[in-house]
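Have a look at the structure below before the remarks.
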Amino acid sequence: MRLSNKTLWLIIFGLLIFSGCKKNKEDSTPPEAPANAALPGYLNQPISINKASYFPGEEVVFKLHQTDVPATVKVRYSYLNALVHEMTLPGTSWTWTPPSDDFKAYIAEVYEDRDGHETIYATIAFDVSSDWTKFPRYGFLSKFGQITESEMNEIIENLNRHHINGLQYYDWMNKHHKPLPMEGEMPAGTWKDIINRDIYFNTVQYYITAAHDHNMKTMLYNLIYGAWEHADEDGVSDQWFIYKDRTHPNKDFHPLSAPFLSNIYLLDPSNAAWQQYIQQETAKVYRFLNFDGFHIDQLGDRGPRYTWDGTNLNLSQTYNPFINAMKTVQPQKNIVMNAVSQYGQQFIAEASTDFLYTEVWNPFTSFNDLSNLIKQNNALGIYTKNTVLAAYINYDLAASPGFFNTPSVLMANAVIFAFGGAHIELGEHLLGKEYFPNNNLAMKQDLKTALIAYYDFLVAYQNLLRDGGTFNKIDIKCSDGTMALGEWPSSQGNVAVVAKRIDNKQLIHLINFKDSKTSDFRDSNGIQSVPGLIKDASLLLNTEEVVKKIWVATPDAIGGAPFMLNFAQNDDFVSFKLPELKYWSMIVIEY
């Protein structure tokens, strides 16, 4: 994605028994909450499923990559901590068909119950959704050279384990104005992309098929208004371009130097002739490559610009008609458009887009900015379109070989996920730059392991995180001084409280900034530190409602599996203990 000036948790834990007290109006003193069993850790044995998401009525195929589990092991399936089904594990490979409800997600736990204690061997989430754009979990592909099928399969399998249900095929094309080059009536076998890389038709095609085999959707990438030099030779008229002046001597363009093959010249997205031209070219792509939709990119605010006849061009207002025109090419195809620094997002949201996408640049730099962008998009989309953020972590570090800072990535994801967004970051590698093929930074093993848990968590609790509800304020305190709680936005040294009400459930996200070194989500130089583990914190919630149960889940422990908390309620106070907090924990109060 290009901006105008960018280059580019064996663990046994005590079975936590729910015990609650009804309100006692005669006693106004909050009682002590009973202690919970310790949760010392978790060894997550690998488990996989065959698809990134499932249609209602479709069976899920599980595989436990461990052969020495006891014969008494069971598997249970839960929806938001409500048991749906339980059975003895039939083997290391098995199937199960979830309820037919659409847009629901579940978590499977492979466990053993012995003498009242449980050993969790593995957990995995799975999503039942007929339309991926309801809960988009966006990833990318960026390299389409000569790649073996085994290498491509490995990449797709890894993305599948993270439940990535949509892929952006970044810079797969040849010329922006003529993305699929032809040899006669058939596509060319190879071509060059803008940076002079070899692109192979068979590689793009195989990646589409492999993604579809895992129920991942595929999105062709292109600019809304790009053309290479000499586009007139391909039938692009000078009258379609954007100009820097009223008398059209100077076309607007994005300058690129070697090894790039051309500058990128910009066309007016609202020009009907340009729309018709690129509609035909996109239809040609769909005819030969079974993409599921179009990921439209832009370059952000260009300043004052003009059409051929000297008319002032409000570029942001051209996005809506262009999107709607592209939707008519094949109406069943998905469309999403990048709002660079939120430029034009209002008009993008009003158009026929399926979800909203923001590439986060200045002036949006803080964790609070991430939350505000998601909430703003929710409002612009009239609470019907979820958000994906392109937010590049350790940006400066990615200029040279090295490693991602694990806390940087996990803190950003904790904030994005807690507020209901998703983060485009996973492809052949983890993203550090807007030029997606950049793979200078590698993930250490702790980050690889953690990201699987974070994406399981995003899926398992999507109906709390991303399916409605209202952010609110609550009165909660840490009564033993174990941690300092503060209302969102985040404050270094505190644990931030993010509260949200959805139906009869009050969510309380706790995000640990206790040892944070920076409030800049990007943490360009990777200085963020691992938060100190907080254990057995006594919490006191002021509420007038009768609490039915309290449970907690975290991507940092027991594979994201939910577990019950003991609590005591007296008058308007509920007391309970939080066993531990590392990066992020989600407490759920059910009334």
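Laboratory data are not the source of any read-out in this text; all were calculated from the coordinates shown. All values reported here derive from a predicted model rather than from experimental measurement. A quick note on method: Cβ atoms are made from the backbone with ideal geometry, for glycine too, and the neighbour counts reach across all protein chains shown.
Based on the Cα coordinates of region 244-335, what is the per residue volume of their convex hull in Å³?
Working: hull volume 10.9 nm³, N = 92.
Measuring per residue, one finds 118 Å³ for the Cα hull of region 244-335.
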Stokes-Einstein diffusion coefficient of region 487-591, Kirkwood radius over Cα pairs, 37 °C, 0.692 mPa s, in µm²/s: 223 µm²/s
Mean Cα-pair separation over length for region 47-128, i.e. relative contact order, pairs under 8 Å, 6 or more apart, %: 33 percent
Unit Cα scatterers, Debye sum, region 359-477: log10 I(q)/I(0) for q = 0.13, 0.19, 0.21 Å⁻¹: -0.54, -1.08, -1.25
Between region 475-516 and region 274-318, the Cα center-to-center distance that results, in Å: 44 Å
Sequence-distant residues sharing a close amide H with residue 357 (under 5 Å, placed H): 337, 339, 388
Highest-first arrangement of 208-221, 404-417, 173-186, 146-159, where packing means the average Cβ count within 10 Å: 404-417, 208-221, 173-186, 146-159
For region 205-221 versus region 109-177, the gap between their alpha-carbon centres in whole angstrom: 11 Å
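From the P(r) of region 47-128, can you give the percent of Cα pairs sitting at distances over 22 Å?
Values: 694 of 3321 pairs.
Value for region 47-128: 21 percent of Cα pairs lie more than 22 Å apart.
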Relative contact order %, region 95-209, counting alpha carbon pairs below 8 Å whose residues are six or more apart: 21 percent
Å³ per residue enclosed by the Cα convex hull of region 131-218: 106 Å³
Sequence-separation-based contact order of region 260-348, relative, with Cα cut under 8 Å and 6+ spacing, percent: 36 percent
Highest to lowest packing among 125-131, 538-544, scored as the average C-beta count within 10 Å: 125-131, 538-544
Rg [Å, one decimal], Dmax [Å, integer] - region 127-175, C-alpha atoms: 12.6, 38
Computed [θ] at 222 nm, deg cm²/dmol, the chain (DSSP H ≥ 4; -39,500 (n - 2.57); rounded to nearest 500): -5500 deg cm²/dmol
